[in-house]
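The values are calculated or read from the model by the stated rules, or taken from the named source; none is laboratory data. Please read all numbers here as calculations on a predicted model, not as lab measurements. Cβ placement follows ideal geometry from the backbone for every residue including glycine, while neighbour counts extend to all protein chains displayed. For accessibility, only protein heavy atoms count, side chains too; no ligands or nucleic acids. Shrake-Rupley method; radii C 1.70, N 1.55, O 1.52, S 1.80 Å.
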Amino acid sequence: MSTLLNNTTNSIWHAFNALSNNGIVMKSKLKVLTANIGTLLDLYGVEKGLEHYRSTSSLNFHHYKYYLLKEVFSSLPDSLSLQALREYESKIDEVCWLICKKTYLRRDNALLSDSCVYQLFRVFCLLGDLVPDPKCQDGYQVVMHTWEAGLISSQLVTSLACEWDEADYEALVHNMSGLRLSTLLTLLESKYLTNIDRAVIEEAVTGLSHTFVDDVIKKGCLQKKGYLLPTMREYWFILQPTQLAYYKNQEEREQCGVVLLDPHCWVDSTHQRILLHTRERCFEFSAYDHRSRLQWLSALQLAISQSGGSVSYQRQQALRRKAQREVESEERRRRSSLIQDMGAQLQAEKMARVAAELQFREVKIEKEKQLEQLEALLEEETQAKKDEEIVRNLQARVLREEWEKREELERLQEEQRLLLEQEREKRIEFEMRQREKEAQLQEAERRLRELEEERQKLDQELHRAQDKISITEKCMSELQSTIVKSPNPQARVRRTMSFMPSTRDKPPRS
């Protein structure tokens, strides 16, 4: 994969340079370096092809880089995430540093610790440029442009609560086109890091490494709303293009969670809160003031916009600065060429004045016309600046109106939320009344069923009583007929009475 090779070319050159002799390295040494790089990439045996690559026993850096591109990095997937690229770069930088660190750790009056030098090495490899070495044919060197070195030095100095002197730095590097790593370390230790505590220096260098190498866009305290318990709790947040990690405190030792970012995420604000929408859910944060909230909104939008690419944010910024410097350099060359052309033209005009007065007058008239054109162009430029200032004022007014509309929208949203809550409370009250009515209806139906069952029981008892009465009447009629026919009426009456039902079986009167 060419992207990963391009990102690690500078660190690989440092390892190559530590092994080289006049710009070339023996293949036997390169096999070890290649095997280590292949192991980091989960590729094994990639160093074996060096034996058959070219018919020489040594290689220069150009040939070695071509071999890495074709035989090692081409085995990786065409596209890797920023997180995967960052991990691979870290591993390769570490291996290359183990090879070349002796060159940079042996310094007189060293103020930077070994870990600080390694972090500056990674920053240097990120911002440096691989350029041809004028002292060695077919050789290269990694140098950092003086503007980039000034950026690194100024950030380091200001993080140490010191004042940065831009004019003094420009005077130091006036005749330099770029700085090598050893030169940069010497400059920092001899000029800007004297009489400063080593622990403070290490903290400042670590912050610098986090910004450039780890692509830390912003750090700071925010309050985060919990997922299970909707309470706001303070955390220390670290924002990168691919994730938003939060810790218990600024020491960054105990990580509490990570919010993964991708191009599908989006962020907005409402009710003085920051809402981060991801594929999983919506995260709610709160800043301590309006300015901090705007800064976090801008930083989150920047991180989301950078989360889908394959080039880190700081690397993009470095490429943009490099392109700007190239444009400025081209403009300076063009101006220099224009000045030379104008000098030749003036010399020709002087010779023309000596040759003929008429031609001199014509040239003078032409120059006057050119001067008028230049004045007209200057007036146009002045007018353009005035127009630009007017446009900026209009933009500022539009921005203020936009903020006022945003606040009005937030107020309307709050009113809508209150109306929805009132409607929800009314609906809950109506549902409670409806449940009470249903309970009363069920109770009435149950009571009606009980009365129905009681009525059926009374009907059954009434039927049994009627049956007993009919039986009694029948027995009485038989008794009367027996009494009439019997010669001994008393005995018949006694026999008949023994068959009559007992009065105790009579049903109760209703």
Seminar exercise, completed: Checked segment 304-420 against the a/c 1.5 cut and the a/b vs b/c comparison, axes a ≥ b ≥ c from its Cα gyration tensor; verdict oblate
For this session: Grab the DSSP H runs of the chain that are 4 residues or longer, score each as -39,500 (n - 2.57), total them, divide by all residues and round the 222 nm result to the nearest 500 deg cm²/dmol.
Result: -22000 deg cm²/dmol
For this session: For segment 1-135, report the accessible area per residue in Å² (1.4 Å probe, heavy atoms, rounded to an integer).
Result: 49 Å²
Exercise. Could you name the lysines in cross-link range of residue 191, using Cα to Cα under 24 Å and dropping any fewer than eight places away on the same chain?
Worked result: 101, 102
Exercise. Which option, (i) 65, 63, 41; (ii) 105, 58, 42; (iii) 189, 70, 48, is the value of Cα extents along the principal axes in Å that was calculated from these coordinates?
Worked result: (iii)
For this session: Using a/c under 1.5 as the rounded threshold, could you call segment 181-262 rounded, prolate or oblate? The axes a ≥ b ≥ c are square roots of the C-alpha gyration tensor eigenvalues, and prolate needs a/b larger than b/c, oblate otherwise.
Result: prolate
For this session: With a 1.4 Å probe and every protein chain kept in, tell me what percent of the accessible surface of segment 303-454 is carbon plus sulfur.
Result: 54 percent
Problem set entry | Per-peptide average of other Cβ atoms within 10 Å, ordering 471-478, 143-150, 289-296 highest first | 143-150, 289-296, 471-478
Seminar exercise, completed: For residue 99 the rounded accessible area (nearest 10 Å², probe 1.4 Å, non-protein molecules ignored) is 50 Å²
Exercise. Sorted by mean Cβ packing within 10 Å, highest first, what order do the peptides 417-423, 361-367 take?
Worked result: 361-367, 417-423
Exercise. Structure shown: which of 29/135; 225/248; 65/135 lie over 18 Å apart, alpha-carbon to alpha-carbon?
Worked result: 29/135; 65/135
Exercise. What relative contact order, as a whole-number percentage, does the chain give when Cα pairs under 8 Å and 6 or more residues apart are counted?
Worked result: 9 percent
Exercise. If we sort 400-413, 307-320 on the protection proxy, mean other Cβ atoms within 10 Å, highest first, what's the order?
Worked result: 307-320, 400-413
For this session: Would you list the P(r) distribution for segment 372-421, with all Cα-Cα distances sorted into 5 Å bins from 0 and each bin expressed as a whole %?
Result: 6, 17, 11, 12, 9, 9, 8, 6, 7, 4, 4, 3, 2, 1, 0
For this session: Report, to the nearest 10°, how far helix 27-40 tilts away from the longest principal axis of the Cα atoms in the chain, using its own Cα long axis and a range of 0 to 90°.
Result: 20 degrees
Exercise. Taking the Cα atoms only, what angle lies between the long axis of helix 357-485 and the longest principal axis of the chain, rounded to 10 degrees?
Worked result: 10 degrees
Problem set entry | Cα gyration tensor shape for segment 1-110, rounded if a/c is under 1.5, else prolate or oblate | oblate
For this session: Kindly express, to the nearest 10 degrees and within the range 0 to 90, the angle between helix 82-105's C-alpha long axis and the longest C-alpha principal axis of the chain.
Result: 40 degrees
